[in-house]
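To start, the structure under review is shown below, and the notes come after it.
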Amino acid sequence: MIFLDTNVFVYAFSDDPKRAPAQRILADGGLISAQVLNEFASVMRTNARRTWEEMERSLSLILRRFPTVLPVTLETHAAAVAGARAQ
């Protein structure tokens, strides 16, 4: 199982040409951490200028697809680094 980066979610919820590839990646599943949700919310509110309602709706959709959210711990960090290195 792969750790999903915040950018995959950002592109999946954008009008960017990278939207379709990002959505395919998300369809394959993966692992997310609370940090991904924090970063996504921040980017959606600041850079993408989404309303609170839009951002919260997007987070709700993410959590329906990825109901298990890993905490941000040293172990989570180490596993993500190891997974990225193996790619």
Cα convex hull volume per residue for the chain (Å³): 96
Principal-axis tilt of helix 52-65 within the chain, Cα atoms, nearest 10 degrees: 40
Pair residue 23, residue 49: separation of 7 Å Cα→Cβ label points (nm): 2.4
Low-density loop cleavage sites - trypsin sites (Lys or Arg not before Pro) in the chain, where at most 12 other Cβ are within 10 Å (DSSP): 49
Angle in degrees between helix 74-86 and the longest Cα principal axis of the chain, rounded to the nearest 10: 90
Where labels lie 7 Å past Cα in the beta-carbon direction, separation of residue 79 and residue 35 in nm: 1.3
Cα-projected label distance for residue 1 with residue 86, points at 7 Å along beta-carbon direction, nm: 1.3
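Each value in this text was obtained by applying a stated rule to the coordinates, not by laboratory testing. Fair warning: this is a prediction, and the values are worked out from it, not measured in the lab. Heads up, the Cβs are rebuilt from the backbone with ideal geometry, glycines too, and the neighbour counts pull from every protein chain shown.
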